[in-house]
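Q: The structure under discussion is supplied below as structure tokens; questions concerning it will follow.
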């Protein structure tokens, strides 16, 4: 006989028995039945808890485990864990059932949380103590005893810092001390600690080191991290892993520093010093002094490799470090005393002494390093790369241009803009030169734009920038139109973005001398903002403020943005206050907008510090300031994925009254989440279907910004319907965004590329399409192949840090909605996808790498197809017309003959006959043409097939080469017979190469930066022959 | 089964069947019995091994005796506990054994117990567990009648019906029921009348004498003037409407609405 219990009430009633044995008996029964009857037992949980708390009750742990299980079933994990801890041995960590697993993960979460709070508090206390000690030490001379106590305390603190957890005793004494100060730190339950430790041990036994490392890092157990690194078989790998995850995931600044310091210690004890990683850590620790020492040592060391490593570190530093840091570093590097030229004596050419030669070499190397750190080398190399590998398909643009009404100034200037984007940094301005006549029609702000586009084309051309712009720059004496003068100043800023030491004075001068011409002021302000980005110079600031206070809408807007750029990321309170005040005074919306964007730039990267300002701005009555608030969130929390900020943005995106604010909120989401591009489509999928046009536009923009150059499937799926949206502005945004997402992809990787390119063309050539949509299509076409197809848009550097210039550039780019010339700011986010190998003299030697993928996968999209199409169309047109004419002439001749021969024939009949003949002939012609085309297509297909069959599985690429984001994983360095990279992990960017055959002469890649002579002869279709028009 | 268990159970039965059972001895014996049964594994046995019907009957009988004992001792806590202990033997373990004669008596007492405490919800839950045919059994029927009258507010009816309970054991619960009814009436009169003359009060409260009313007045701090009873402690802590909070929230909603539209 077997029975299924329907209730546990009988057993529960036993708990009220006075006898302990009976209670224990009941508990044991309950423990076995709890999974079934937890609901019933939960009514009497109080009794069970009371039993657990009764110190005289013999089976307290049993009561605890029953209570824990009941709470687990009820979903009160906190209580459940508390009782499980009380259950001691009865809570068996090695069990694999769900209850145990859940509780263990819960205990980890709790532990991590508590450790975080405790370590944070400890850290604060430490800071406080240090400060107090400083103060005390100043007045220490009076009281010696106090000093002793102090030093004791200090020792203790240092000890407990080193192994805060291992030594419980010290930890407690420290706590006691803290208690004396009336600040309490919540202690971690030692039982919890025991469980955690036992789980760690189990991980070690099962060799799950990476998992354990992750938990240890999260739980801030530096002792365990160290233990793990020392324990594993391959510490180098573990070190690198630890370095990457601690950089990526540790939010707390000081803790990250602590972990990195520990890692640094470990690195330094390794037999082979890994300078590159060490310097990486030093950069994170902001330790300029040690970094400069290491660099100096590396240069002083004689081996070639060390010098190359120093250069490589220099390039990495330029990419990742802030301007300020680099500046400090350069100052700290020793300035070697120049060697005097040996005096010529008695006609004998004196030679340098060996000592001096050494010094000379050292000087040379040091100069090299400094120029690398200044960024000039990188910019120059990128410029050379972009110029050399320029694969712009001008036919595409010409095609679009032909379909654009030249009387329409908006679209014409868009074509010029698209051209600027296409040729950004390539210094190739063939198109502009070929179309000078057409450009001459452009006037007013379009002229401003087209002049500024020169700056885009010559971006990074630091040396020749001035020369190129010379004819347009303000000359002082009347000069040309203010629009081209203003545009050229803006262009100068674009060329010298972030490196404006040389041009800023000139721009300031131009600003002063322009006699308050607001157009020149506008250009000059933008130029100054770009060239002296994040410099924080108060003098320049005051100059710009002067322009702002003139209360001119056009100039004021630019001044507001420029002030933001100048003070970028400084959080300067005075500047914010002044700008905020002025935003409330002025009546010009443009100025308010410029200022509020400027404010947001000042708060770049400030995270929580910006909270107050955001609150203030987002509750303002003025919608433009609320708009600024959204951008402030975007800038302050860029790339952090901060949950609170995200919630706020989502709330505003659906609740604000003003469309601009809502749009800004959605775009800002993109800035927040750009480090997790895969998450963005999910987050935005609902917003992209919003009823509100602005929200849909914002969603499209945010997708474009975050998923640029990734061809993310989800993003494209969301964008596709938006490109066919009912609203023309939404279509515009979606087209631009699609262009961004598909950057650098060819048909083979993503079949949508050709489709979207055709769509761009169709939209532009469609008569009835709205001009706003056309504008989107033109810009999209410009972006998809931007920078000669050699750049991508990215807001993070290759190592995953925030790229400040890029983030700011995109933020200002998104203001193009109100002011088209700001479109150019997107160029700040262009990142050349290059692999550039350098030898010890920083020249590019002939060097090859292997890409283990079919060449066609990552090939540049072929430009020829389009060219053919155009030519063919023109040809056929010419053919039919001329032939028709010929036919007519023949007809005439025939007619005459006929008239002569058969004059009695009815003229009408003749006409009909002839018409029929004509038709036949034309049909024949057409059919032959069709056949020809078909044949051609067939041939093409066959060729393609052949190609596919023959296509090798790998490709040899020559230095310097384009390597797209997706291609990186296929790159190997094993093919070149001579050069080896210094940094193994580097598969892109600038790579220093070690010459294994230094005695042989080096072959260098030829570099020419001549912009004028490099005119590619494009085949233009012949104009049709003149003909006369006859009507039938 | 061990001899000792039988011996203990016999002794326990003997003790319980006394007219005035000895409280201390009985409880001691019961605990002893339970421990012995627990050790034997026959107190709420698990389902993992086959059960011996004999053991179940034995345990059930002991637990039934325990219920009767608790009624005789008028120990209500014990009663409730014992009833819930014996119930599995009626419903779960009881499916395969002969029904106990005392089953309906004990369940009926439990029902009345719940009624006397005004725990109507539980009363109905328990009632559902009892088979429908058993509702005509006097032990159960009595409770059904009482519940009906209680629902009608026919307190006089209850008083008459309670004069003839189906078992002597019921009298404990009947008197408790009366008390709780009295309380109900007191609660109501307190709010319905400002004053009452003592005689009416006596009838209304279903009390035996005016003296009793006077005593009641004393415990409740009611004044008696000229043979009249004055109720004074009217509840003053009426729930106030949280005006400010409501106003604030409504204005908040209005603002949000304005923003959306």
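Q: Among the residues of the range B:199-209, which ones are loosely packed, with under 15 Cβ neighbours inside 10 Å and in a helix (DSSP H, G or I)?
A: Residues satisfying the conditions are B:199, B:200, B:203.
Q: For the range A:523-544, what are the residues that are over 27 Å from residue A:453 (Cα atoms), within 31 Å of the chain's Cα centre (by Cα) and assigned to a helix (DSSP H, G or I)?
A: A:538
Q: Pairs, please: C-beta under 6 Å, at least 6 apart or cross-chain, first residue within 7 Å of chain B (Cβ to nearest Cβ) and outside any helix (DSSP H, G or I) and in the range A:1-24, second buried (at least 20 other Cβ atoms within 10 Å of the Cβ) and at pLDDT 80 or above?
A: A:16/B:81
Q: Is it fair to say residue A:759 is modelled with pLDDT of 90 or more and assigned to a helix (DSSP H, G or I)? Talk me through it step by step, then tell me what you get.
A: Working: modelled with pLDDT of 90 or more: no; assigned to a helix (DSSP H, G or I): yes.
No, not satisfied.
Q: So the check is Cβ under 8 Å with 6+ separation or different chains; which pairs have a first residue in the range A:641-660 that's within 14 Å of another protein chain (Cβ to nearest Cβ) and surrounded by fewer than 13 Cβ atoms within 10 Å (Cβ to Cβ) and a second one that's part of a helix (DSSP H, G or I) and at pLDDT 90 or above?
A: A:657/A:623
Q: Just one of B:27, B:54 is within 12 Å of chain A (Cβ to nearest Cβ), crowded, with 18+ Cβ neighbours inside 10 Å and more than 18 Å from the chain's Cα centre (by Cα); which is it? I'd like the intermediate steps shown before the answer.
A: Details: B:54 fails: crowded, with 18+ Cβ neighbours inside 10 Å.
Exactly one residue qualifies, and that residue is B:27.
Q: Starting from the range B:1-20, keep only residues that are over 11 Å from residue B:33 (Cα atoms), then list their pairs with residues that are part of a loop (DSSP other than H, G, I, E, B) whose Cβ atoms are within a distance under 7 Å, requiring at least 6 positions of separation or different chains.
A: Final answer for the pair search is B:15/B:21; B:15/B:22.
Q: Another question about this same structure. Between A:824, A:860, which is assigned to a helix (DSSP H, G or I) and more than 23 Å from residue A:640 (Cβ to Cβ)?
A: Values: A:860 fails: assigned to a helix (DSSP H, G or I).
Criteria check complete, one pass: A:824.
Q: Here's a follow-up. Quick check on my filter: what residues within the range A:247-260 are surrounded by 15 or more Cβ atoms within 10 Å (Cβ to Cβ) and under 20 Å from residue A:291 (Cα atoms)?
A: Keep residues of the range A:247-260 that are surrounded by 15 or more Cβ atoms within 10 Å (Cβ to Cβ), which gives A:247, A:250, A:255-260.
A:247, A:256, A:257, A:258, A:259, A:260 - these are the residues of the range A:247-260 that are surrounded by 15 or more Cβ atoms within 10 Å (Cβ to Cβ) and under 20 Å from residue A:291 (Cα atoms).
Q: Which residue, of B:227, B:221, B:190, is closer than 22 Å to residue B:158 by Cβ, more than 14 Å from every other protein chain (Cβ to nearest Cβ) and at pLDDT below 80? I'd like the intermediate steps shown before the answer.
A: On the way: B:227 fails: closer than 22 Å to residue B:158 by Cβ; B:221 fails: closer than 22 Å to residue B:158 by Cβ.
Within the list B:227, B:221, B:190, the selection yields B:190.
Q: Grab the helices (runs of 4 or more DSSP H) fully contained in the range B:73-183, keeping just those with 2 or more residues being within 14 Å of chain A (Cβ to nearest Cβ) and in contact with a helix residue (DSSP H, G or I) (Cβ under 9 Å, 6 or more places away or on another chain). Lay out the reasoning, then the answer.
A: Details: elements: B:76-91, B:103-116, B:120-129, B:138-152, B:155-161.
Where helices (runs of 4 or more DSSP H) fall fully within the range B:73-183 and carry at least 2 residues being within 14 Å of chain A (Cβ to nearest Cβ) and in contact with a helix residue (DSSP H, G or I) (Cβ under 9 Å, 6 or more places away or on another chain), they are B:76-91, B:103-116, B:120-129.
Q: For the condition surrounded by 19 or more Cβ atoms within 10 Å (Cβ to Cβ) and modelled with pLDDT under 90, what is the one hit in A:638, A:583, A:559, A:575?
A: Details: A:583 fails: modelled with pLDDT under 90; A:559 fails: modelled with pLDDT under 90; A:575 fails: modelled with pLDDT under 90.
Testing whether each residue is surrounded by 19 or more Cβ atoms within 10 Å (Cβ to Cβ) and modelled with pLDDT under 90 leaves just A:638.
Q: Looking at (1) surrounded by fewer than 18 Cβ atoms within 10 Å (Cβ to Cβ); (2) on the phi < 0 side of the Ramachandran plot; (3) within 13 Å of another protein chain (Cβ to nearest Cβ); (4) modelled with pLDDT under 80, which is the one condition that is false for residue B:41?
A: With (1) surrounded by fewer than 18 Cβ atoms within 10 Å (Cβ to Cβ); (2) on the phi < 0 side of the Ramachandran plot; (3) within 13 Å of another protein chain (Cβ to nearest Cβ); (4) modelled with pLDDT under 80 applied to residue B:41, the lone miss is (2).
Q: Between A:27, A:85, A:33, which is within 11 Å of chain B (Cβ to nearest Cβ) and either over 55 Å from the mean Cα position of the chain (by Cα) or assigned to a helix (DSSP H, G or I) (or both)?
A: Numbers: A:27 fails: within 11 Å of chain B (Cβ to nearest Cβ); A:85 fails: within 11 Å of chain B (Cβ to nearest Cβ).
Just a single option satisfies the conditions, and that option is A:33.
Q: More than 24 Å from residue A:190 (Cα to Cα), within 14 Å of chain B (Cβ to nearest Cβ) and surrounded by 23 or more Cβ atoms within 10 Å (Cβ to Cβ) - does that describe any residue in the range A:37-46? Spell out how you get there, then give the answer.
A: Taking the range A:37-46 first, the residues more than 24 Å from residue A:190 (Cα to Cα) are A:37-46.
Within this subset, residues satisfying the condition of being within 14 Å of chain B (Cβ to nearest Cβ) are A:37, A:40-41, A:43-44.
When the remaining residues are screened for being surrounded by 23 or more Cβ atoms within 10 Å (Cβ to Cβ), the result is A:41.
Yes.
Q: Being surrounded by 15 or more Cβ atoms within 10 Å (Cβ to Cβ) and either farther than 26 Å from residue B:213 by Cβ or more than 16 Å from the chain's Cα centre (by Cα) (or both), is that true of even one residue in the range B:170-182?
A: yes
Q: Additional query: Scan (1) in contact with a helix residue (DSSP H, G or I) (Cβ under 7 Å, 6 or more places away or on another chain); (2) away from chain A (no Cβ under 14 Å); (3) crowded, with 16+ Cβ neighbours inside 10 Å; (4) not in a loop (DSSP other than H, G, I, E, B) for the single condition residue B:61 breaks and write down its number.
A: Single failed check for residue B:61: (1).
Q: Also, quick follow-up: Regarding residue A:56, is this residue more than 56 Å from the chain's Cα centre (by Cα) and either away from every other protein chain (no Cβ under 14 Å) or not in a helix (DSSP H, G or I) (or both)? If you could, list the steps in order and put the result at the bottom.
A: On the way: more than 56 Å from the chain's Cα centre (by Cα): yes; either away from every other protein chain (no Cβ under 14 Å) or not in a helix (DSSP H, G or I) (or both): yes.
Considered against the rule, which asks whether it is more than 56 Å from the chain's Cα centre (by Cα) and either away from every other protein chain (no Cβ under 14 Å) or not in a helix (DSSP H, G or I) (or both), residue A:56 comes out as yes.
The values are calculated or read from the model by the stated rules, or taken from the named source; none is laboratory data. Keep in mind it's a predicted model, so treat the numbers as computed, not measured. For neighbour counting, all protein chains shown are included, and Cβ atoms are generated from backbone atoms with ideal geometry for every residue, glycine included.
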